[in-house]
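The values are calculated or read from the model by the stated rules, or taken from the named source; none is laboratory data. This structure is a prediction, so every number in the text was calculated from the model and none was measured. Please note: Cβ atoms are built from the backbone with ideal geometry, for glycine as well, and neighbour counts cover all protein chains shown. The protein model used for the area step is the full one, side chains on, heavy atoms only, and it has no ligands, DNA or RNA in it. Shrake-Rupley method; radii C 1.70, N 1.55, O 1.52, S 1.80 Å.
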Amino acid sequence: MTESPTLYRIPPQSGAGFTLKRGDVLVVIDAWGEQVSDLMAFAADERGEWLSSGRTFDYNETIYLTTGHVLYSNRSRPMFTLLRDDVGRHDFLLTPCSTETFEILYPPGTADGHPSCFSNLVQALAPYGIQPDQIPTTLNIFMNVVVDDSGRVKIAPPISTAGQQLHLRAEMDLIVGLTACSAEGSNGGTFKPIDYHVIPAGTPQ
């Protein structure tokens, strides 16, 4: 009998860092619904290679990424393949929320002591030697960014419901940072946890 993988919970407005082996499948779960999770990844053997939104959009010829699409590194190598997508709407346009996000886009005083995905990723990835300036645009799982005909972007509440998942197969050994997003505007006004587990390479699914 195959043992069930360990389920991890990222508390609201926090993050986690971990590694994946090539072939492992990362399962990201919106535990309660309408909660974004920012994901960033680096090649385990070369910290100068990271997940690239520009390369990914270019090679897939779309900004709407879903089942079957490959996510590429800044060196044009596959990093993840999306195997299962229960939601069909994620964002790879916007950077992780930061202190500056709250200073510029939110009411005055919001930034004071406010957790952010950027700071949570910095903390989660620091043990792996990742520097803050190495963290670029993240894959914002379950985030619902609407682009109108003029190119203007609007952040709407996620359309994900409790228990919906995104499965990503690692195409190389990776260092990964994952968050439960800290921006009110991205999560329908509330903060909730994100669950995840890893299916080891070669495990029947």
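Computed with a 1.4 Å probe over protein heavy atoms only, the accessible surface of segment 94-199 comes to 43 Å² per residue.
In sequence order, segment 60-74 has phi-based couplings of 8, 6, 7, 9, 9, 8, 7, 3, x, 6, 9, 9, 9, 8, 5 Hz under the Karplus curve 6.51 cos²θ - 1.76 cosθ + 1.60, θ = phi - 60°, and Gly or Pro positions carry x. Shape summary of segment 1-121, radius of gyration then Dmax from alpha carbon positions: 16.1, 56 Å.
The residues packed around Val36, meaning those with a beta-carbon under 9 Å from its beta-carbon, carry a net charge of -4 if Lys and Arg are +1 and Asp and Glu are -1. Only helices enter the 222 nm calculation for the chain: every DSSP H run of n ≥ 4 contributes -39,500 (n - 2.57), and dividing by all residues gives -3000 deg cm²/dmol, rounded to 500. Between segment 85-125 and segment 1-35, the alpha-carbon centres lie 20 Å apart. Each residue of segment 155-205 gets 115 Å³ once the volume of the Cα convex hull is shared out per residue. Loop sites by DSSP among the GluC sites (Glu not before Pro) of the chain, restricted to those with at most 12 other Cβ atoms within 10 angstrom, leave 62-205 as the longest stretch without any of them. Cα-based values for the chain, radius of gyration first and Dmax second, are 16.0, 56 Å. Expressed as a fraction of 2.2 N^0.38 Å, the value expected for a compact globular protein of N residues, the C-alpha radius of gyration of segment 41-87 is 1.14.
A straight chain from Asp133 to Glu61 at 0.36 nm per residue would run longer than the Cα-Cα distance by 23.2 nm. Calculate what fraction, in whole %, of the accessible area of the chain sits on carbon and sulfur atoms when a 1.4 Å probe is rolled over the protein chains. That fraction is 51 percent.
Around Thr138, with a cut-off of 14 angstrom between Cβ atoms, what is the net charge of the other residues, counting Lys and Arg +1 and Asp and Glu -1? Don't skip to the answer; put the middle values down first.
Values: positive: none; negative: Asp38, Asp91.
My count for the surroundings of Thr138 gives -2.
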